[in-house]
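The values are calculated or read from the model by the stated rules, or taken from the named source; none is laboratory data. Small disclaimer: the values here were computed from a predicted structure and weren't measured. Cβ atoms come from the backbone with ideal geometry, glycine included; neighbour counts cover every protein chain shown. With ligands, DNA and RNA removed, areas are computed over all heavy atoms of the protein, side chains included. Shrake-Rupley method; radii C 1.70, N 1.55, O 1.52, S 1.80 Å.
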Amino acid sequence: AWAVAMTAHFLLLNYLFDMPTGKAIAESAVFNLVFAICGIGIWFMVRFSDLQQRTNRELFFVHLTGVTGVVFIWIGLSFLILKGIYSTDIAFREYLNASFTVRIIVGVVYYTIIATTTQHHTFFIQDT
């Protein structure tokens, strides 16, 4: 699944936004690999949450805290890595800063996908 996300990310940047191939590969790899690593934490958080013991309100706040933390870490680490790689490329650094809002939205979508698919699989496993 992450290979598909990385490929789609690369194609979007390279062909739609005309980003040079090397930068598109670097951005796609960094952002998707960092989130894939963060996704392990999401998986554990959802997998080992006891749904029967928590109210909907508690679950909402657990996920609100989780998504906030994961997106903050994901964007922070990814920006740090890419700004380190392209430290002298002012245009790329400005592009990263300008894309901050879109990154938040993408992060929330990624989190939601991981959390809901993990929750679905967890429910299925417990149900059998």
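Per-structure values
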quantity: Those residues of region 59-78 which are aromatic (Phe, Trp, Tyr) and touching a Lys or Arg at 6+ places or on another chain (Cβ under 9 Å), in sequence order; calculated: Trp74
quantity: Residues within region 29-44 that are farther than 12 Å from Ala115 by Cα and surrounded by 14 or more Cβ atoms within 10 Å (Cβ to Cβ), tallied; calculated: 8
quantity: Contacts under 8 angstrom Cβ, first residue in region 53-68 being more than 22 Å from Cys38 (Cα to Cα) and at pLDDT below 85, partner assigned to a helix (DSSP H, G or I) and open to solvent by less than 80 Å² (accessible area, probe 1.4 Å), 6 or more apart; calculated: Arg54/Val62
quantity: Checking Arg47 against (1) surrounded by 14 or more Cβ atoms within 10 Å (Cβ to Cβ); (2) in contact (Cβ under 8 Å) with a residue 60 or more places away in the chain, the condition it does not meet; calculated: (1)
quantity: Hits in region 56-71 (condition: open to solvent by less than 40 Å² (accessible area, probe 1.4 Å) and among the hydrophobic types (A, V, I, L, M, F, W, C)); calculated: Leu59, Val62, Val67, Val70, Val71
quantity: Among residues of region 6-44, those that are within 20 Å of Ile85 (Cβ to Cβ), without any contact (Cβ under 8 Å) to a residue 40 or more places away in the chain and among the aliphatic types (A, V, I, L, M), counted; calculated: 10
quantity: Given (1) hydrophobic (A, V, I, L, M, F, W, C); (2) under 20 Å from Trp2 (Cβ atoms); (3) open to solvent by less than 20 Å² (accessible area, probe 1.4 Å), number of the condition Ile105 does not satisfy; calculated: (3)
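Every residue, every condition in (1) of a type in the set (Gly, Ala, Ser); (2) out of contact with any Leu (no Cβ under 8 Å at 6 or more places or on another chain); (3) in a helix (DSSP H, G or I); (4) under 16 Å from Ile104 (Cα atoms), yes or no:
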| position | (1), (2), (3), (4) |
| --- | --- |
| Leu13 | no, yes, yes, no |
| Asp18 | no, yes, no, no |
| Lys23 | no, no, yes, no |
| Ile40 | no, yes, yes, no |
| Trp43 | no, yes, yes, no |
| Gln53 | no, yes, no, no |
| Ala91 | yes, yes, yes, no |
